[in-house]
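Single-structure report; data block below.
Coordinate-derived values only; no laboratory data. This structure is a prediction, so every number in the text was calculated from the model and none was measured. All Cβ positions, glycine included, derive from the backbone under ideal geometry; neighbour counts span all protein chains shown.
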Amino acid sequence: MADEKQAQDRIAELRERIDAVDCQLVKLLNERAAYALEIRELKPSVHWGLYDPQREEQIFENLARCNEGPLYAENLREVYEAILHVMKEIRG
């Protein structure tokens, strides 16, 4: 019984930490979006297209380099493909 209570308490504690991390991620994603919008505004003045596949590959390479696990590089790529898709659709 005591082990079950300890496990439940630990789960509750870890879930609180996950909730805090989720809030941090939302804040960081919004910060990233603001930077992306600023870049989007600047690109026409330097005659760059809005979509840059080479830059996306640089992002994926950087993620793989930064990754210390336990996520696999392929997992991060999937997550970031979704993030980049959303970033392309946002309007400032």
**Message:** Quick one: the Cα spread of the stretch 1-48 along its three principal axes, in angstroms, biggest first?
**Reply:** 67, 13, 6
**Counted charge near Ala20, where neighbours are those whose Cβ lies closer than 13 Å (Asp, Glu -1; Lys, Arg +1)** = -1
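What is the gain in length, in nm to one decimal, between Ser45 and Arg65 on full extension, counting 0.36 nm per residue of separation less the C-alpha to C-alpha distance? Present the calculation step by step, with values, prior to reporting the outcome.
Values: separation 20, 0.36 × 20 = 7.20 nm, distance 3.15 nm.
That pair, Ser45 and Arg65, stretches by 4.0 nm at full extension.
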**Request:** Could you tell me, in Å, what Rg and Dmax come out for the Cα atoms of the chain?
**Result:** 18.5, 67
**Item:** Modelled FRET efficiency - R0 30 Å, Arg15 with Lys88, Cβ distances, 0.05 increments
**Value:** 0.40
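Can you give the local net charge around Gln58? Use residues other than it whose beta-carbon is closer than 11 angstrom to its beta-carbon, Lys and Arg +1, Asp and Glu -1. Kindly include the intermediate steps, with their values, before the conclusion.
Working: positive: Arg55, Arg65; negative: Asp52, Glu56, Glu57, Glu61.
Charge balance near Gln58 sits at -2.
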